[in-house]
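Take a look at the structure below.
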């Protein structure tokens, strides 16, 4: 008799523990899922920023080696890895004396690349509200 009561008490406790675990899972799982998706999106934004920075650096390198604007543009588009339609590329050069000359050595070549975040991350679900924003990077090199 005592054994049967203990067994019934254990069954009732197991049912309560099972329902408590289910309730805890229902409360904690959405929070963990939101944190995981936020980390994935933040990582994607960091990768996009790095990709646009590398493309600006590659464009500045080509510009410093004497490449034309078309060559710089094609290297930047190739470095981005995707065809971004609304990319703005600004190439400027300035000598130490303040005159705009591209052919002399010692001239600083500045390349600024600006692209929409939505084009850089087309698969993003946009939890941070950055779909309409633009990401920009610049790089400066000197001609040898």
Hey, residue 111 closer than 14 Å to residue 65 by Cβ and either at pLDDT below 75 or touching a helix residue (DSSP H, G or I) at 6+ places or on another chain (Cβ under 6 Å) (or both) or not:
yes
Within segment 94-103, is there a residue that is assigned to a strand (DSSP E or B), surrounded by 13 or more Cβ atoms within 10 Å (Cβ to Cβ) and modelled with pLDDT under 75?
yes
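The values are calculated or read from the model by the stated rules, or taken from the named source; none is laboratory data. Remember, it's a predicted structure, so these values are computed and weren't measured experimentally. Neighbour counts are summed over all protein chains in view; Cβ atoms, including those assigned to glycine, are modelled from backbone coordinates with ideal geometry.
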